[in-house]
Amino acid sequence: MDLFRLDGKVAVVTGSGKGIGKAMALGLAEAGADLVIVARTEEDIQQTVLEVEQKGRKAIGISTDVKKKEEIEKMVAKTLDTFGKIDVLVNNAGMNIRTPALDVPEEEWELIIQTNMKSVFLASQAVGKHMVEQKSGSIINISSVAGQVALRTGVAYAATKAGIIQMTKTLALEWGKHDVRVNAIAPWYFRTPLTEKLLNNEDYYNEIISRTPLRRVGDVKELVGPAVFLASEASSYVTGHTIFVDGGMSIYGF
Ligand SMILES: NC(=O)c1ccc[n+]([C@@H]2O[C@H](COP(=O)([O-])OP(=O)(O)OC[C@H]3O[C@@H](n4cnc5c(N)ncnc54)[C@H](OP(=O)(O)O)[C@@H]3O)[C@@H](O)[C@H]2O)c1
């Protein structure tokens, strides 16, 4: 099972102050990686750094707004100054506002596109440059079931998550010859600060469950296995792929 170990690897996880990103960062640390914790809220960042350190790994926190190219570039430079390399990038930071399509203001469209999709390109480009030179690396982009099937999640969110799946394939094609792999994970519902309120609505929850073959929402710990797999040598011949971690939801036809 050494194939799944990440000892000596350096992983950057965006949006790792809470929710899915934090769970994946802690999982990568358990597999042996040192971590760079990226988000905007300083106390969340410091708490995740502490929890990584409690697992015996090194961690630094870098407050970064992933919408901003110059902040991403500074974050990458600081990471390289500290650790000298980046082996794994998880592009997880994201948000949503569920406005009906006819009412979406242009600023809201821009905010969601920049936070969820432009950020994935900017961070992949900045880290990809280093990985291509290094001739190794694994990038993991967090998409969503909403990027594959039509959901009532909002038009901008769906567009960004579909865009991430296609960006993943294009970057995998361009960087494969440099041994840089690019894959995605598409989750269905997981209980996090982003979804807590929705999932606490009993009618909505029951509707979700009725369309989920495994008849429950996910626990964030269930994203650790797919993340460690894609980050590690265990997936050395997998690139351009999206793993749906969705209790079977995306194959549900009726
Ligand atoms: N939860 C689900 O059921 C679900 C399902 C499918 C896909 N996803 C995707 O999974 C990812 C994580 O979702 P989650 O549920 O864990 O969300 P969450 O609980 O709201 O956490 C989001 C994290 O991203 C950070 N973030 C947001 N905007 C940022 C920005 N501009 N710059 C830097 N960091 C930023 C937040 O920290 P700050 O606010 O401090 O910056 C926070 O740490 C998202 O891409 C989401 O679309 C979630």
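The values are calculated or read from the model by the stated rules, or taken from the named source; none is laboratory data. What you are looking at is a predicted structure, and each value in this text was computed from that prediction instead of being measured. All Cβ positions, even for glycine, are placed from backbone atoms using ideal geometry, and neighbour counts span all protein chains on display. These area figures cover heavy atoms from the full protein model, side chains too; ligands, DNA and RNA do not enter into them. Shrake-Rupley method; radii C 1.70, N 1.55, O 1.52, S 1.80 Å.
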Between Thr82 and Glu106, the two model label points (7 Å from Cα along the beta-carbon direction) sit apart by a distance in nm of 3.9
Ordering Leu173, Leu28 by the accessible surface of their heavy atoms, 1.4 Å probe, largest first, yields Leu173, Leu28
Per the helix-only model, the chain has a calculated mean residue ellipticity at 222 nm (DSSP H runs of ≥4, -39500 (n - 2.57) each, divided over all residues, rounded to the nearest 500) of -13000 deg cm²/dmol
Heavy-atom accessible area of Ile251, protein chains in place, probe 1.4 angstrom, given in Å² to nearest 10, is 130
Rounded to the nearest Å, the spacing of the alpha-carbon centers of the stretch 123-201 and the stretch 52-84 is 19
Taking 0.36 nm per residue of separation between His178 and Glu73 and subtracting their Cα-Cα distance, the length gained on full extension comes to 35.7 nm
For the pair Asp2 and Leu198, the simple spin-label estimate (label points 7 Å beyond Cα toward Cβ) gives in nm 4.3
For the pair Lys129 and Val155, the simple spin-label estimate (label points 7 Å beyond Cα toward Cβ) gives in nm 3.6
Ignoring ligands and nucleic acids, Val228 exposes an accessible area, probe 1.4 Å, in Å² to the nearest 10, of 20
Between the alpha carbon centres of the stretch 219-254 and the stretch 1-44 the gap in Å comes to 16
The correct ranking of Trp188, Trp109 by accessible area at 1.4 Å, largest first, is Trp109, Trp188
In degrees rounded to 10, the 0-90 angle between helix 155-175 Cα long axis and the longest Cα principal axis of the chain is 30
Over 23 Å (Cα to Cα) among Lys68/Lys177; Lys68/Lys129; Lys18/Lys177; Lys67/Lys135; Lys18/Lys118 -> Lys68/Lys177; Lys18/Lys177; Lys67/Lys135
